[in-house]
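Here the structure is laid out as structure tokens; the discussion comes afterwards.
The values are calculated or read from the model by the stated rules, or taken from the named source; none is laboratory data. Everything numeric in this text was worked out from a predicted model, so none of it was measured. Reconstructed Cβ throughout: ideal geometry from the backbone, glycine too, with neighbour counts over all protein chains shown. We work out accessible area using only protein heavy atoms, side chains counted, and drop any ligands, DNA or RNA first. Shrake-Rupley method; radii C 1.70, N 1.55, O 1.52, S 1.80 Å.
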Amino acid sequence: MKGANWHKLTKTRLSFTVIFLLIAILIICSWERNPLITSFGLSSDQFKSIPKDFANLQESVPGSKLPSKVPDDTSEAPDIDYIEWKDEIKDDELTENDPEECNYAKGKWVPDARRPFYSGSECKRWLSEMWACKLMQRPDFSFEKFRWQPQNCQMPSFTGLRFLKRMQHKTLAFVGDSLGRQQFQSMMCMITGGKPTPQVQDVGWEFGLVKARGAIRPDGWAYRFPRTNTTVLFYWSASLCELEPLLNGSDPKSVSYALHLDRPVTFLKEYLDRFHVLVLNTGHHWNRGKFQGNHWELHAYGKPVGDSKLSDLTNAKNLTLHSIVLWLNSQIVRNPNLKVFLRTLSPRHFVNGDWNTGGSCDNTVPLRGGSEVSLEKSSDPVAEQAVSGSFVRLLDITALSQLRDECHISKYSKSSNGIHDCLHWCLPGVPDTWNEILFARI
């Protein structure tokens with residue numbers, strides 16, 4: 001009986017083996033013939049792990065521009081595709097400070113081979129050629145290889161994607177003179193890394209920033225990054241005051257302007273409710289030459305200042321800053337999510353004269369006069385006093401910029417005609433640091 005059972009079991013196992021082989025043969029034949037089944041097969045390459053720096057590798061391979069994150073609207077490429085969102089979030093958590101507890105104006109310049117944030121020869125869409133020193137005759141660029149290190153806190157690392165994440169659905173507005181325009185152009189280059197980004201939208205028309213007939217340029221520019229709905233704009237207002245045309249006599253061409261010291265520029269009153277971060281600056285136009293050239297006449301409280309104390313431009317500027325801060329303070333009370341910064345004065349470095357009397361700034365040695373700022377108070381006391389006790393914050397850049405006399409355009413401009421520019425900065429350069437501090441505080 002036992003032998004019969006064993007024979008029956010062996011026969012059954014053999015039958016199952018034959019059936020299994022027949023099924024395997026059928027599957028293999030179907031696999032070869034049917035592309036649908038073949039499409040589910042995995043090649044050996046597909047089992048290889050994806051390198052962590054894949055986003056950087058694809059930058060180095062021509063024709064391999066792959067977005068780091070697929071946009072919701074697949075017809076539109078992302079604004080910036082060379083950094084992973086998850087890496088940004090992780091690094092943000094590690095480096096974040098309380099911006100109100102850190103004195104970013106106190107610290108030192110330190111060498112950093114990773115700088116600059118962008119190339120001065122590539123950021124052509126945003127950077128004016130007259131400020132791109134890489135396009136000039138300047139031979140040395142060691143000044144680009146430094147970063148600002150606050151004394152008692154870490155400076156959060158700036159990247160374009162981190163900025164856009166922080167400013168999602170928000171608007172950053174720069175309002176001021178040509179130094180404010182430099183800070184705006186620096187910010188656009190920093191966000192984009194100086195790379196062409198055709199997805200950025202020109203939305204100047206939304207803010208009335210269109211070139212008027214006969215004008216050299218518009219009063220400003222506004223651009224939007226659609227991926228995060230982030231808008232960055234600049235409006236030119238050298239004094240931050242309201243300007244009102246005044247007809248002198250019967251000649252319509254003889255127009256001067258009432259500069260109302262106690263009224264903020266009209267642009268602010270019209271669009272402030274659309275801003276989330278506002279950066280103001282003024283200072284270098286408060287001199288008689290500029291006032292005469294611009295045909296500005298000082299007014300306060302609805303009438304000309306005459307021979308009063310306000311005829312002194314230092315007093316006039318002081319009234320303007322206090323008036324604007326007072327007005328902005330009332331607006332912040334109504335909208336506590338609005339952050340307003342008054343940027344302190346950007347230093348000039350003319351020696352042996354002024355811009356029109358042979359003044360120069362020939363130094364090319366970084367930090368020849370020192371690298372550290374230890375002051376507790378601002379080097380721009382007028383601006384510091386204006387914001388004291390208000391919700392407007394001081395973006396204090398004067399002392400740290402004072403140490404960088406080698407960073408100006410100097411004699412290298414193609415159209416200098418022997419005149420040194422010791423006011424404006426080479427870009428990349430010092431205004432990038434202003435924006436790093438601004439980023440840390442928003």
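Each residue in segment 176-216 was checked for being over 30 Å from R115 (Cβ atoms) and open to solvent by 10 Å² or more (accessible area, probe 1.4 Å), and 11 of them qualify. Taken together, G359, G353 contain a single residue that is in contact with a Phe, Trp or Tyr (Cβ under 6 Å, 6 or more places away or on another chain) and either of a type outside the set (S, T, Y) or exposed (fewer than 15 other Cβ atoms within 10 Å of the Cβ) (or both), which is G359. For residues in segment 166-179 being part of a helix (DSSP H, G or I) and of a type outside the set (S, T, Y), which is nearest to L438 (Cα to Cα)? Checked segment 166-179; the qualifying residue nearest to L438 (Cα to Cα) is R166.
Residues are listed down the side, and each one gets a yes or a no for (1) within 17 Å of C102 (Cα to Cα); (2) part of a loop (DSSP other than H, G, I, E, B):
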| residue | (1), (2) |
| --- | --- |
| R368 | no, yes |
| E376 | yes, yes |
| S379 | no, yes |
| V382 | no, no |
| Q385 | no, no |
| L394 | yes, no |
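The set of residues in segment 217-229 being open to solvent by less than 40 Å² (accessible area, probe 1.4 Å), at pLDDT 95 or above and in a loop (DSSP other than H, G, I, E, B) consists of P226, T228. The residues of segment 396-442 that are without any contact (Cβ under 8 Å) to a residue 24 or more places away in the chain and small (G, A, S), listed by number, are S416, G418.
Selection within segment 135-165: residues that are among the charged types (D, E, K, R) and either buried (at least 17 other Cβ atoms within 10 Å of the Cβ) or in a strand (DSSP E or B) (or both). The member of this set that is nearest to the chain's Cα centre (by Cα) is R162. For the subset of segment 374-401 comprising residues that are more than 22 Å from C422 (Cα to Cα) and under 21 Å from the mean Cα position of the chain (by Cα), which member is most open to solvent (accessible area, probe 1.4 Å)? The residue in question is R393.
Meeting the requirement of 3 or more residues that are open to solvent by less than 50 Å² (accessible area, probe 1.4 Å) and either within 30 Å of H169 (Cβ to Cβ) or not small (G, A, S) (or both), the helices (runs of 4 or more DSSP H) wholly within segment 230-336 are 266-271, 313-334.
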